[in-house]
1. What do you reckon, is Ser22 assigned to a helix (DSSP H, G or I), at pLDDT below 80, farther than 21 Å from Leu123 by Cα and open to solvent by 20 Å² or more (accessible area, probe 1.4 Å)?
2. In the range 71-112, how many residues are under 14 Å from the mean Cα position of the chain (by Cα) and charged (D, E, K, R)?
3. Being in a loop (DSSP other than H, G, I, E, B), touching a residue at least 12 places away in the same chain (Cβ under 8 Å) and of a type in the set (Val, Ile, Thr) is the filter here; which residues of the range 89-126 pass it?
Amino acid sequence: MTQNALALQAFQAGARAFFLKSDANKMLSAAVESLIVHKPFYAGAFSSKLKGVANGKGDPNHLLSPREKTIVKLGAEGYSNKGVSAILNLSTKTTEMHRAAAMRKFNINSTADLVRYAVRAKLVEA
């Protein structure tokens with residue numbers, strides 16, 4: 001799982017501060033000071049994206065590759081892996097791999113949950 005995906009999962013679980021363990025010596029006191037005044041603290045390469053999501057401005061879909069977004073969208077529209085593969089001229093295994101990667105990034109365990117995610121993320125209309 002990527003650092004971006006982990007950071008997003010932490011945020012969605014209620015974390016108010018997030019930084020890499022390797023940055024702890026530099027960031028810990030700044031994070032504590034920020035939390036004392038009830039402000040979230042996010043640092044690292046992913047911080048600007050995560051801050052945007054935390055403020056309701058960012059796009060949580062930034063964690064998905066363009067191909068994963070397309071495959072999730074088509075799947076949510078009702079196409080099977082085989083149908084998506086035919087549309088995108090991919091092997092079924094490649095389509096399955098991309099769909100599984102998207103599900104892993106958001107800790108989704110079923111196709112129904114993936115469809116719900118696609119609707120909520122506005123990849124498709126309800």
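1. no
2. Here the count works out to 3.
3. Val124
The values are calculated or read from the model by the stated rules, or taken from the named source; none is laboratory data. Everything quoted here is computed from the prediction, not taken from an experiment. So basically every Cβ, Gly included, is an ideal-geometry build from the backbone, and we count neighbours across all protein chains shown. We work out accessible area using only protein heavy atoms, side chains counted, and drop any ligands, DNA or RNA first. Shrake-Rupley method; radii C 1.70, N 1.55, O 1.52, S 1.80 Å.
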